[in-house]
Amino acid sequence: MVRQAAQVLELLEFFAQIKRPASLSEISETLNWPRSSTHNLLTTLKSLGYLYEPRPKGGVYPSPRWWELIDTIRSGETPSIEMENLLEYLASATGETTALAAPNAGQVMFVGVRESSNPIRYTTQIGNCVPMHTTAAGRALLSQRTSAERLALLRRAEYIRYTPNSLMDPDAVEAEIQRSIEKGWFLGNEEYSPGLMGVALALPMPARHYALLISGPVERLRSRVDEIADLMFAAVHDYLAIDLRHP
């Protein structure tokens, strides 16, 4: 880990929590950073225009330059408005947590999340990562690779028995991917988290690979798997104008 890069992110998370300017002393003490390195970091970010003092000696706060930067980055990335609306609709229609997943260094990262309002639900957040080979979303992402690329990734994977249902070798994962490709959708059945089930679709987009996931307790999803898959296909067609049943 590059410590300086991690500190910038920790600083932003700190401001996201307090939502007000903070002094060098408060930042140093709260984040348990040496005063000298805290001073150097704040001075650097101020000189680059990423921190400013809303009032003299009143502490520093992230400047609007961050918002311009993030807006520019987002303009070249999905989730698009249509994708956000798709997640909202599916979360409402199913009552379960809905997520958009993307590959991230051999793992699955959630880049869009709408959590269920049920007290007992699958809980995750944007930026969380899970293993690729042992989850429905991960196998949906793997299915979008060539056979050679997929085999290379599966051979490098770390096979941990998270639950009794965890797939423990590349051949078993590949066989499950092939079965899922034939069905058109992917099922995760208590392989990574006990008591949780997930239904995923491979969602190839121009220059990007995504997976659409609906996940929740086995007790609620077990009898609804086919219904949920059909609902996902229809919603992708309606919101994204993509027919996954007849690509």
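Read the figures in this text as sums done on the coordinates, not as results from a lab. Only a predicted model underlies this, so the values are computations on that prediction, with no experimental measurement involved. Cβ atoms come from the backbone with ideal geometry, glycine included; neighbour counts cover every protein chain shown.
So how tilted is helix 170-183 from the main axis of the chain? Cα-based, degrees 0 to 90, rounded to 10.
70
What distance in nm separates the two pseudo spin-label positions at R145 and E88, each 7 Å out from Cα along the beta-carbon direction?
3.5
Can you give the longest run of the chain that contains no GluC sites (Glu not before Pro) sitting in a DSSP loop with at most 14 other Cβ atoms inside 10 Å? Can you show the working numbers first?
Numbers: sites that count: E77, E158.
In short, 159-247.
Quick check: the angle from helix 147-156's long axis to the longest principal axis of the chain, C-alpha only, nearest 10 degrees?
It works out to around 60 degrees.
Check L51: other-chain or 5+ apart residues with amide H under 5 Å from its amide H, H built from backbone geometry?
Here the answer is K46, S63, since their amide H atoms fall under 5 Å of that of L51.
Give the calculated FRET efficiency between I73 and D171 to the nearest 0.05, with a Förster radius of 35 Å applied to their Cβ-Cβ distance.
Working: r = 40 Å, r/R0 = 1.13.
Computed FRET efficiency for I73 and D171 comes out at 0.30.
So which trypsin sites (Lys or Arg not before Pro) in region 1-60 pass both tests, a DSSP loop state and at most 10 other Cβ atoms within 10 Å of the Cβ? Don't skip to the answer; put the middle values down first.
Details: sites: R3, K19, R35, K46, K57; in loops: K19, K57.
Here the trypsin sites (Lys or Arg not before Pro) that fit, given the DSSP loop and packing criteria, are K19, K57.
List S180, S36 from most exposed to least, where exposure is judged by having the fewest other Cβ atoms within 10 Å. Can you show the working numbers first?
Working: S180 20, S36 9.
With the sparsest Cβ surroundings first, the list reads S36, S180.
Taking the Cβ of F233 as the centre, find all other residues whose Cβ is under 12 Å away and add up their charges (Lys, Arg: +1; Asp, Glu: -1).
Working: positive: K183, R245; negative: D226, E227, D230, D238, D243.
Net charge in that neighbourhood comes out at -3.
Straight-line reach from K57: which lysines have Cα under 22 Å away, leaving out those fewer than 8 places along the same chain?
Excluding near neighbours in sequence, the set is K19, K46.
Given a Förster radius of 41 Å and the C-beta distance between R55 and V2 as r, what FRET efficiency does 1/(1 + (r/R0)^6) yield to the nearest 0.05?
Details: r = 33 Å, r/R0 = 0.80.
Calculated value: 0.80.
Taking amide H positions as placed 1.01 Å from N in the peptide plane, with prolines and chain starts having none, which residues 5 or more places from V113, or on another chain, fall under 5 Å of its amide H?
L100
Counting Lys and Arg as +1 and Asp and Glu as -1, each charge on the Cβ, what is the dipole of the chain about the Cα centre in debye, to the nearest 20?
The calculation lands at about 760 debye.
Could you pull out the trypsin sites (Lys or Arg not before Pro) across region 164-247 that fall in loop regions by DSSP (anything but H, G, I, E, B) with no more than 16 other Cβ atoms inside 10 Å? Please report the intermediate quantities before stating the final value.
Details: sites: R179, K183, R208, R220, R222, R224, R245; in loops: R245.
Those that pass, being in a loop and sparsely packed, are R245.
Using a 10 angstrom cutoff on alpha carbons, build the Gaussian network for the chain and name the most mobile of H133, H39, H209.
In this elastic network of the chain, the residue with the biggest mean-square fluctuation among H133, H39, H209 is H39.
What full-extension length gain, to one decimal in nm, is calculated for D230 and A16 as 0.36 nm per residue of separation minus the Cα-Cα distance?
Values: separation 214, 0.36 × 214 = 77.04 nm, distance 3.88 nm.
My answer for the length gained is 73.2 nm.
Using helices alone, I'd like the mean residue ellipticity at 222 nm for the chain: each DSSP H run of four-plus residues gives -39500 (n - 2.57), total over residue count, nearest 500. Spell out each step's value before the answer.
Working: 10 runs with 113 residues, N = 247.
Helix contribution divided over all residues of the chain: -14000 deg cm²/dmol.
May I ask you to list the trypsin sites (Lys or Arg not before Pro) in region 134-168 that are in a DSSP loop and have at most 11 other Cβ atoms within 10 Å of their Cβ? The partial results should precede the final answer.
Numbers: sites: R139, R145, R150, R155, R156, R161; in loops: R145, R161.
When the trypsin sites (Lys or Arg not before Pro) of region 134-168 are filtered for loop state and at most 11 Cβ neighbours within 10 Å, R161 remain.
What FRET efficiency comes out for H39 versus Y162 if R0 is 35 angstrom and r is the Cβ-Cβ distance? Round to the nearest 0.05.
Numbers: r = 44 Å, r/R0 = 1.26.
My answer for the efficiency is 0.20.
If amide hydrogens are placed 1.01 Å from N in the peptide plane, which non-local residues have theirs closer than 5 Å to the one on Y210?
L203, M205
If you take the square roots of the eigenvalues of the alpha-carbon gyration tensor of region 1-75 and sort them as a ≥ b ≥ c, do you get rounded (a/c under 1.5), prolate (a/b over b/c) or oblate?
On the way: a/c = 1.69, a/b = 1.25, b/c = 1.35.
Judged from the Cα gyration tensor, region 1-75 comes out oblate (a/c at least 1.5, b/c at or above a/b).
Can I get the semi-axes of region 77-240's equivalent ellipsoid? Compute them from the C-alpha gyration tensor as square roots of 5 times the eigenvalues, in angstrom, largest first. Intermediate results must be reported in sequence, preceding the final value.
Working: eigenvalues 102, 67, 41 Å².
Calculated on Cα positions only, the semi-axes equal 23, 18, 14 Å.
Which angle from 0 to 90°, rounded to the nearest 10, does the C-alpha axis of helix 65-75 make with the longest principal axis of the chain?
20
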